[in-house]
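What follows is calculated from the coordinates using simple rules that are stated; it is not laboratory data. Given the structure is predicted, the values throughout are model-derived calculations rather than measurements. So basically every Cβ, Gly included, is an ideal-geometry build from the backbone, and we count neighbours across all protein chains shown.
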């Protein structure tokens, strides 16, 4: 039997996050999410939250170049960057917007294995300048174990970028993430819930 989902937030009715949604954040930088298909049905995926809270976001689901034909066209026609750790990545905290303007930020959503496969299948992504962070905020996404010590959820990574690059107040994004975590854990037995909430690294 198919579970009932909210028509607005698209989470299960039992874990609806609508009452945590704040007024939409007006971000100038276009955030383009390239989401691996495996992530679409993950109940704890944070891209859904970004889509609820950001005004300027586009989401494309796929893996191969044919899935991302529109993003590839965008990448060739505007000041774009890829949020991805690299030795040559520009540190977002230090970017001079007059020298290195970013109109569009590409963000990959998936496990590291799936994200690396997307980059291998789409060599145009490697032609984009890469940006990363000099210091990472604390990972608060306690209900999904980070694969790497430097991992952030897609929401947290986008929030940190927008905070650094546009000086936006991203508290609504963190509040929405906290609300989703609360809804996802409220039906868990106390011992299981505590284990999830203690595993923040």
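Observations, loosely collected:
- Label-to-label distance for residue 86 and residue 7 is 4.4 nm, based on points extended 7 Å past Cα in the beta-carbon direction.
- Cα gyration tensor shape for region 1-60, rounded if a/c is under 1.5, else prolate or oblate: oblate
- In terms of the mean number of neighbouring beta-carbon atoms within 10 Å, the peptides 110-121, 45-56 order highest first as 45-56, 110-121.
- Using alpha-carbon coordinates, inclination of helix 171-185 to the longest axis of the chain, degrees: 40 degrees
- Cα long-axis angle, helix 154-165 against the chain (0 to 90 degrees, to the nearest 10): 50 degrees
- Packing-based ranking of 176-184, 58-66 yields 176-184, 58-66, ordered from highest to lowest mean Cβ neighbour count within 10 Å.
- For region 12-141, relative contact order (Cα pairs under 8 Å, six or more residues apart, normalised by length) works out to 31 percent.
- Compared with the alpha-carbon gap, the fully stretched path from residue 119 to residue 97 is longer by 5.3 nm at 0.36 nm per residue.
- Between region 65-120 and region 4-49, the alpha-carbon center distance in angstrom: 21 Å
- Under the criterion of Cα pairs below 8 Å and six or more residues apart, the relative contact order for region 1-62 equals 36 percent.
- Remark: the residue 44-residue 182 segment gains 48.6 nm on full extension, using 0.36 nm per residue and subtracting the alpha carbon distance.
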